[in-house]
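**Student:** If you scroll down you'll find the structure; I have some questions about it.
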Amino acid sequence: MKIAFVGKGGSGKTTLSSLFIRHLAAAGAPVVAVDADINQHLGAALGLEEAQAATLPAMGGRLPLIKDYLRGDNPRIASAETMIKTTPPGEGSRLLRVTEDNPLYEACAREVDLDGGAVRLMVTGPFTDADLGVACYHSKTGAVELFLNHLVDGRDEYVVVDMTAGSDSFASGMFTRFDITFLVAEPTRKGVSVYRQYKEYARDFGVVLRVVGNKVQGPDDLDFLRAEVGDDLLVTVGHSDWVRAMEKGRPPRFEFLEDADRRALRVLQVAADATYELRDWERYTQQMAHFHLKNAASWGNERTGTDLAAQIDPGFVLREGVTASA
């Protein structure tokens, strides 16, 4: 299952995504965790020291390798240089599985040991001073979009992506790459403003969107969220001493997380698992083509000097069981 956590800056989405990742790992599920936020905090939230987090290999800095590997021997892609962030897979492309070993994981992923298990962690890399004036953060998250476009995940396998804050992900089709999107919202007007933006796009593209109310302190907060987001409100969480200790860099063992938060995490997993039955691989593949054509026409063709529409394989549908290039 591909799962996104979104929300405005400071909403607590990174904290909640890290708790969900820990919950899945503790249950023994295979997990790939991806930090796609412009502020790279997921590693620290999973218990890495600052120095450890700084040494994680940046996907954004390994785009040539990623493109070359995923291209495989797809005859529709003349070279890795003509691939852009929305390039879809086709016959001959290399596809990815959650639990396999491959050169892409070897270059871009590191195993993080948690007290309840272990996960693969990948990061886009931070937006640095050197990027100012010459790059935008979407050039880095493009590596994540290519990864998701070529990923074939199955039941009880999880890819959890901590997305960039706000509505920045709408600049490409990445927001359609998920089985479910958890929008973390505080019980304030600013807290639900991103929800309204996501809801509009979700409606147009069949995105499953559920709201997680965070920092909910009482009935007034709950009533406010219910009035603002209605049935999209899935669950709420409040203060946690475990989380406070984690934010200080001294988390107890995960088994000591408060019962209310453990119940909330189980609700999230049940909601994510339920979307497996809703999977429509044909629509998923068509959406890849839709956004690829949009990006090709707006900037990709000019930048690469290639008609990128020709990269779309009309007979190819990404789905479980499809074979990949060796």
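The values are calculated or read from the model by the stated rules, or taken from the named source; none is laboratory data. Note that the coordinates shown come from a computational prediction; the quantities given were computed from them, not determined experimentally. With ideal geometry, Cβ positions are generated from the backbone for all residues, glycine too; neighbour counts draw on all protein chains shown. With ligands, DNA and RNA removed, areas are computed over all heavy atoms of the protein, side chains included. Shrake-Rupley method; radii C 1.70, N 1.55, O 1.52, S 1.80 Å.
**Student:** Could you pull out every one of the lysines with an alpha carbon less than 26 Å from that of LYS2, ignoring same-chain neighbours closer than 8 positions?
**Tutor:** LYS13, LYS67, LYS85, LYS140, LYS199, LYS215, LYS294
**Student:** I'd like the FRET efficiency for LYS190 and ALA260, computed as 1/(1 + (r/R0)^6) with the beta carbon distance as r and R0 of 30 Å, rounded to 0.05. Show your work: numbers first, answer last.
**Tutor:** On the way: r = 25 Å, r/R0 = 0.83.
Approximately 0.75, to the nearest 0.05.
**Student:** Order the peptides 215-222, 175-182, 104-111 from the highest to the lowest mean number of other Cβ atoms within 10 Å of their residues.
**Tutor:** 175-182, 104-111, 215-222
**Student:** Quickly rank 52-60, 303-311 as a protection proxy: mean count of other C-beta atoms within 10 Å, highest first.
**Tutor:** Ranking the peptides 52-60, 303-311 by packing returns 52-60, 303-311.
**Student:** Sorted by average packing, counted as other Cβ atoms within 10 angstrom per residue and highest first, what order do 72-81, 189-198, 37-46 take? Write out the running numbers ahead of the final one.
**Tutor:** Values: 72-81: 16.0, 189-198: 17.5, 37-46: 20.9.
In descending order of packing, they fall as 37-46, 189-198, 72-81.
**Student:** Moving on. Give me the percent of accessible area attributable to carbon and sulfur for the chain, probe 1.4 angstrom.
**Tutor:** 48
**Student:** Using the Karplus equation 6.51 cos²θ - 1.76 cosθ + 1.60 (θ = phi - 60°), what ³J(HN,Hα) coupling, rounded to whole Hz, does each residue of the range 146-153 give in order, writing x for Gly and Pro?
**Tutor:** 4, 4, 5, 5, 10, 9, 10, 10
**Student:** Continuing with this model, one more query. Per residue, how large is the accessible surface of the chain? Use a 1.4 angstrom probe and give square angstrom.
**Tutor:** That works out to 44 Å² per residue.
**Student:** Something else now. Do the sum for the chain: with -39,500 (n - 2.57) for every DSSP H run of n ≥ 4, divided by all residues, what is the mean residue ellipticity at 222 nm, to the nearest 500 deg cm²/dmol?
**Tutor:** -11000 deg cm²/dmol
**Student:** Please give the helix 13-26 orientation as an angle from the longest Cα principal axis of the chain, in degrees from 0 to 90, rounded to the nearest 10.
**Tutor:** 90
**Student:** Need one word for the range 142-272: rounded, prolate or oblate. Basis is the Cα gyration tensor (sqrt eigenvalues a ≥ b ≥ c); a/c below 1.5 gives rounded, then a/b vs b/c decides.
**Tutor:** Because a/c hits 1.5 or more and a/b fails to exceed b/c, the range 142-272 counts as oblate.
**Student:** Rounded if a/c is under 1.5, else prolate if a/b beats b/c, else oblate: with a ≥ b ≥ c from the C-alpha gyration tensor eigenvalues square-rooted, which is the range 1-160?
**Tutor:** Because a/c hits 1.5 or more and a/b fails to exceed b/c, the range 1-160 counts as oblate.
**Student:** Let me make sure I get this right: for the range 198-256, a, b and c are the square roots of the gyration tensor eigenvalues over alpha carbons, sorted descending. Under 1.5 in a/c it's rounded, otherwise prolate if a/b > b/c, else oblate. Which is it?
**Tutor:** Oblate, because a/c is 1.5 or more while a/b does not exceed b/c.
**Student:** Let me ask another. About the Cα centre of the range 25-131, what is the dipole size in debye to 20, counting +1 per Lys and Arg Cβ and -1 per Asp and Glu Cβ, all else neutral?
**Tutor:** 480
**Student:** Pulled fully out, how much extra length does the chain show between ASP307 and GLU91, if you take 0.36 nm times their separation in residues and subtract their Cα-Cα distance?
**Tutor:** Net length gain for the segment: 75.9 nm.
**Student:** A further question follows. Considering the Cα positions of the chain, please state its Rg to one decimal place and its Dmax as a whole number of Å.
**Tutor:** Both quantities, over Cα of the chain: 19.2, 59 Å.
**Student:** Please figure out what share of the DSSP beta bridges in the chain is antiparallel and state it in percent, rounded to the nearest 5.
**Tutor:** For the chain, the DSSP antiparallel bridge percentage is about 20.
**Student:** Return, ordered by residue number, the residues of the range 1-33 whose backbone nitrogen is under 20 Å from a label point located 7 Å along Cα→Cβ of ALA245.
**Tutor:** From the range 1-33, the list is 15-27.
**Student:** Could you state the number of Å between the C-alpha centres of the range 24-92 and the range 224-275?
**Tutor:** About 27 Å separates the Cα centre of the range 224-275 from the one of the range 24-92.
**Student:** Any idea what log10 I(q)/I(0) is at q = 0.18, 0.24 Å⁻¹ for the range 25-86, Debye with uniform C-alpha scatterers and no solvent?
**Tutor:** Cα-only, vacuum Debye calculation for the range 25-86: -0.82, -1.01.
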